[in-house]
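Heads up, the thing below is written out as structure tokens.
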2 protein chains.
Amino acid sequence: MSRMPAPKATPPRMSDVARLAGVSKMTVSRVMAGRSASEATRERVRRAIEELGYVADAAAGALSSGRTSFVAVLVPSLSSSNFSDTVSGLTAVLEPQGLELLIGDTDYLPDREERLVRQMLRHQPRCIALTGAQHTDATRTLLQRSGVPVVEMWDLPAEPIDMAVGFSNVSAAREMVRYLADKGYRRIGFLGGASELDRRGLDRLKGYQLEMKALGLDKHRVVRLGESPVTMSHGAPAMAELLERWPDTQAVMCVSDMSAFGAIMECQRRGLRVPDDIAIAGFGNFEIAACCHPTITTVSVDAYGIGQRTGEAIVAALAAADGERATHPAKTRIDYTVVPRESA
Amino acid sequence: MSRMPAPKATPPRMSDVARLAGVSKMTVSRVMAGRSASEATRERVRRAIEELGYVADAAAGALSSGRTSFVAVLVPSLSSSNFSDTVSGLTAVLEPQGLELLIGDTDYLPDREERLVRQMLRHQPRCIALTGAQHTDATRTLLQRSGVPVVEMWDLPAEPIDMAVGFSNVSAAREMVRYLADKGYRRIGFLGGASELDRRGLDRLKGYQLEMKALGLDKHRVVRLGESPVTMSHGAPAMAELLERWPDTQAVMCVSDMSAFGAIMECQRRGLRVPDDIAIAGFGNFEIAACCHPTITTVSVDAYGIGQRTGEAIVAALAAADGERATHPAKTRIDYTVVPRESA
DNA sequence: TTGAAAGCGTTACCAG
DNA sequence: CTGGTAACGCTTTCAA
């Protein structure tokens with residue numbers, strides 16, 4: 001098989017299509033945009049497009065019309081299933097609107113977020129969706145000046161930059177503590193909240209501490225271990241350390257189902273029965289929580305739904321920018337629920 | 001907190017920066033590109049940019065220079081950790097080159113891939129990375145005509161469109177069969193390969209069948225269940241069916257660690273010990289395979305490495321396009337290895 | 001329903 | 001080292 005001599009010449013332009021169809025560029029443009037044109041013309045143009053394999057240049061269109069079809073999304077980690085689910089939810093809502101996602105992975109690093117925001121801004125996105133409410137000052141200034149609508153996801157900051165779609169990680173964690181306390185557990189530990197960069201993890205830790213205190217229980221059985229994103233392998237050593245320091249612990253709450261899974265594995269290795277000898281709870285309702293043995297008691301958060309609602313907020317914001325007096329609430333609260341399973 | 005009256009006026013342009021710095025647009029352009037300019041001028045321009053919060057318009061730059069900094073990547077599923085790892089590997093190599101990823105999720109649907117390819121082509125990407133070698137005719141034509149270099153990942157087709165970075169899923173599966181046979185297992189089953197759209201899954205099934213036949217063993221203990229992406233929940237019912245139909249099975253090979261995990265859970269539920277009563281092997285070396293109990297014997301594939309090598313292939317292709325006579329092999333073979341663990 | 005001309009904001013190219 | 005001018009490929013706007 002010989003490599004083709006590259007038919008690269010130069011890709012066809014709209015003017016080429018126009019010439020072949022015997023019409024003006026404008027008519028081609030109109031046909032492509034689905035605007036008024038006689039059926040006959042339309043057909044001729046379509047045929048010319050097909051024959052030449054014409055693909056319109058988005059940059060030229062954007063420059064000329066002054067608007068792109070980009071929506072920027074920044075998540076801390078694409079490999080966390082909850083964030084990729086959020087991206088799926090966003091896609092589901094935005095794609096039918098003809099919007100395209102510009103996806104970025106901040107790796108939980110505020111500086112990286114700043115770099116990415118600057119980079120995406122160069123593409124004139126119609127809207128930007130960020131994860132969390134923690135941003136560098138430069139990022140805030142950048143966003144402010146750009147005038148691009150911003151949605152913050154996965155949290156409910158007191159003062160969103162613009163809009164927010166999420167829930168209180170503090171409250172969610174408190175609810176889990178109450179669930180465990182209701183079950184009769186008193187000596188409850190916490191695994192996670194290690195990274196200062198993962199605000200949501202820290203908030204869950206804070207929720208644990210606040211509620212334990214409110215219940216008059218000891219809130220110091222905390223092992224902060226492992227960087228975000230939280231993976232399964234973090235759970236085992238953290239659990240080991242916790243058992244080392246507080247052997248009489250009755251229940252352990254983990255910052256994520258991932259670490260809860262690792263913790264359970266560690267218990268099995270030590271011959272501890274879950275939940276008979278020690279109860280373990282997770283957070284996030286990842287697939288594994290329902291599949292492993294014992295199944296993991298967790299807090300279920302609709303990650304895909306966060307994406308959908310964010311998508312809706314974006315669509316509303318764009319409509320509003322188009323002058324249509326649409327009002328979208330600045331904050332959209334997402335439900336979460338404690339899901340009782342076998343492990344706690 | 002009152003909403004700002006939108007300082008949207010109109011974002012600053014390069015000409016605004018030029019005026020404020022007292023130089024021409026061209027000088028601003030040069031400074032931004034890091035090209036020759038006296039230190040004094042450079043500093044004045046930088047200050048003006050800073051003061052105005054100027055962000056260059058990528059579309060205008062692309063139109064003018066005739067080149068973007070986009071690289072398009074299409075994966076079947078962003079929520080599969082192996083593909084998001086590949087994306088990470090790509091990012092690691094391409095970002096330092098000033099290239100930006102345009103990420104798309106085909107959902108294992110060839111038609112969707114075609115739509116996405118067309119959409120990405122509108123943005124004039126410098127290169128396109130696809131997953132697998134199965135594409136619609138229209139997709140191939142589209143790519144061919146565009147003249148954009150293409151890298152196919154995760155497979156090694158006989159005739160790549162342009163370049164390929166991957167491995168033979170057939171061979172990898174055969175190797176796992178040999179491993180199991182060497183361990184003394186004879187009645188070996190296979191779980192997966194259900195979706196006609198997941199070529200890699202089908203290839204693993206084919207590898208199983210070929211090698212079983214080569215070894216003179218019965219290759220019919222196959223349960224094809226569950227659509228791609230393969231999730232944990234697919235494993236349990238598939239395992240149940242297999243045990244129902246062939247109760248004397250000694251070992252089971254799964255199309256993915258995800259289904260292997262589900263299968264193991266099903267065994268535990270039935271009181272079957274793994275591997276004493278039945279051995280189970282996975283594919284992919286996902287994190288769970290090393291963390292669960294028993295740990296899962298699997299085929300390790302360097303997903304991140306596929307991304308890196310693809311990134312390198314892309315960089316080479318771009319250099320070649322720039323006239324630099326760089327030669328990059330059309331096919332890059334990625335290693336895989338059977339990882340013996342507890343489950344088989 | 002269709003067409004011609006005028007830009008959109010940047011960079012390439014050539015002068016100075 | 002710096003500046004003017006002419007594109008880049010499309011859509012807007014205005015006429016016909």
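Within the range A:45-56, the residues that satisfy the criterion of being within 16 Å of DNA strand D (Cβ to nearest atom) and surrounded by fewer than 23 Cβ atoms within 10 Å (Cβ to Cβ) are A:R46, A:A48, A:I49, A:E50, A:E51, A:L52, A:G53, A:Y54, A:V55, A:A56. Is there a residue in the range B:288-297 that is crowded, with 24+ Cβ neighbours inside 10 Å and more than 14 Å from every other protein chain (Cβ to nearest Cβ)? So far as the range B:288-297 goes, yes, one or more of its residues are crowded, with 24+ Cβ neighbours inside 10 Å and more than 14 Å from every other protein chain (Cβ to nearest Cβ). Taking the range B:253-279 as the range and being away from every other protein chain (no Cβ under 13 Å), over 18 Å from B:N169 (Cβ atoms) and in contact with a Leu (Cβ under 8 Å, 6 or more places away or on another chain) as the test, the residues that pass are B:I278, B:A279. Could you count how many residues in the range A:98-116 are touching a strand residue (DSSP E or B) at 6+ places or on another chain (Cβ under 9 Å) and either touching a residue at least 24 places away in the same chain (Cβ under 8 Å) or at the interface with chain B (Cβ under 7 Å from one of its Cβ atoms) (or both)? Number satisfying all stated conditions: 10. Within the range A:60-79, being closer than 24 Å to B:V230 by Cα and facing chain B (nearest Cβ under 9 Å) holds for A:S77, A:L78, A:S79.
Just so you know, in the range B:1-14 the residues that are of a type in the set (A, V, I, L, M, F, W, C) and more than 8 Å from DNA strand C (Cβ to nearest atom) include one that is modelled with the highest pLDDT, and it is B:A9. The single condition among (1) modelled with pLDDT of 95 or more; (2) closer than 26 Å to B:T139 by Cβ; (3) within 8 Å of DNA strand D (Cβ to nearest atom); (4) surrounded by fewer than 21 Cβ atoms within 10 Å (Cβ to Cβ) that A:A59 does not satisfy is (4). Within the range B:15-40, the set of residues being within 41 Å of the chain's Cα centre (by Cα), at pLDDT below 90 and either near DNA strand D (Cβ under 6 Å from one of its atoms) or within 14 Å of another protein chain (Cβ to nearest Cβ) (or both) comprises B:S36 only. The condition of being under 16 Å from B:D105 (Cα atoms), charged (D, E, K, R) and either more than 8 Å from chain B (Cβ to nearest Cβ) or more than 12 Å from DNA strand C (Cβ to nearest atom) (or both) holds for only one of A:E95, A:E51, A:E43, that being A:E95.
Output yes when any residue across the range B:256-279 is crowded, with 24+ Cβ neighbours inside 10 Å, touching a His at 6+ places or on another chain (Cβ under 9 Å) and assigned to a loop (DSSP other than H, G, I, E, B), and no when none is. Within the range B:256-279 (the criterion being crowded, with 24+ Cβ neighbours inside 10 Å, touching a His at 6+ places or on another chain (Cβ under 9 Å) and assigned to a loop (DSSP other than H, G, I, E, B)), the answer is yes, since at least one residue qualifies. The residue pairs whose first member lies in the range A:305-326 and is closer than 24 Å to A:F167 by Cα, whose second member is of a type in the set (D, E) and at pLDDT 95 or above, and whose beta carbons are closer than 7 Å, counting only pairs six or more residues apart or on different chains, are A:G307/A:D85.
All of (1) facing another protein chain (nearest Cβ under 10 Å); (2) within 16 Å of DNA strand D (Cβ to nearest atom) hold for A:Q119 with one exception: (2). Among residues of the range B:29-43 that are touching a residue at least 12 places away in the same chain (Cβ under 8 Å), those with a beta-carbon under 8 Å from a residue that is within 6 Å of DNA strand D (Cβ to nearest atom) and part of a loop (DSSP other than H, G, I, E, B) at least six positions away or on a different chain give the pairs B:V31/B:A37; B:T41/B:V23.
Where helices (runs of 4 or more DSSP H) sit wholly within the range A:136-236, those with at least 2 residues that are more than 30 Å from B:E50 (Cβ to Cβ) and not basic (K, R) occupy A:169-182, A:199-214. Applying the set (1) buried (at least 16 other Cβ atoms within 10 Å of the Cβ); (2) within 11 Å of DNA strand C (Cβ to nearest atom) to A:S77 leaves exactly one unmet item: (2). Determine, yes or no, whether A:G282 is away from every other protein chain (no Cβ under 12 Å), crowded, with 24+ Cβ neighbours inside 10 Å and within 27 Å of A:S195 (Cβ to Cβ). For A:G282, the condition - away from every other protein chain (no Cβ under 12 Å), crowded, with 24+ Cβ neighbours inside 10 Å and within 27 Å of A:S195 (Cβ to Cβ) - is met.
The values are calculated or read from the model by the stated rules, or taken from the named source; none is laboratory data. Quick caveat: nothing in here was measured; it's all calculated off a predicted structure. For neighbour counting, all protein chains shown are included, and Cβ atoms are generated from backbone atoms with ideal geometry for every residue, glycine included.
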